[in-house]
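Student: The following block contains the structure, expressed as structure tokens.
Nothing in this text is a laboratory measurement; each read-out follows from the coordinates by a stated rule. Computed from a predicted model, the values in this text were never measured in an experiment. Heads up, the Cβs are rebuilt from the backbone with ideal geometry, glycines too, and the neighbour counts pull from every protein chain shown.
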Amino acid sequence: MASSCAVQVKLELGHRAQVRKKPTVEGFTHDWMVFVRGPEHSNIQHFVEKVVFHLHESFPRPKRVCKDPPYKVEESGYAGFILPIEVYFKNKVFTTNSKNYG
């Protein structure tokens, strides 16, 4: 007899951006962070294999892979861009819709 088990994992996807007091030498005017985490900072490590952040191609290493928490990327920049995020669960992949951060 086959049995099935369903697990629901809630995730928070978000970002923060802050205007720099002075632009960097490269002309970056903002410091920013994008993240995937559990609600109220709950532990999602047992369910998440990795999170892949696809930054704009102008960034060094635009494909950022986080295999351990915290699942986040911190950078500096000057413009907004589409930032696709892929969340790989330990049993299958879930891809979020593209989000415009900036």
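Student: Is at least one residue of the range 19-32 closer than 16 Å to Glu74 by Cβ and under 14 Å from the mean Cα position of the chain (by Cα)?
Tutor: Yes; the residues of the range 19-32 include at least one that is closer than 16 Å to Glu74 by Cβ and under 14 Å from the mean Cα position of the chain (by Cα).
Student: A further question follows. Restricting attention to the range 27-37, does a residue exist that is within 15 Å of Tyr88 (Cα to Cα) and in contact (Cβ under 8 Å) with a residue 40 or more places away in the chain?
Tutor: yes
Student: Further question: Scanning the range 11-22 for residues that are outside any strand (DSSP E or B) and in contact (Cβ under 8 Å) with a residue 24 or more places away in the chain, which turns out surrounded by the most Cβ atoms within 10 Å (Cβ to Cβ)?
Tutor: Leu11
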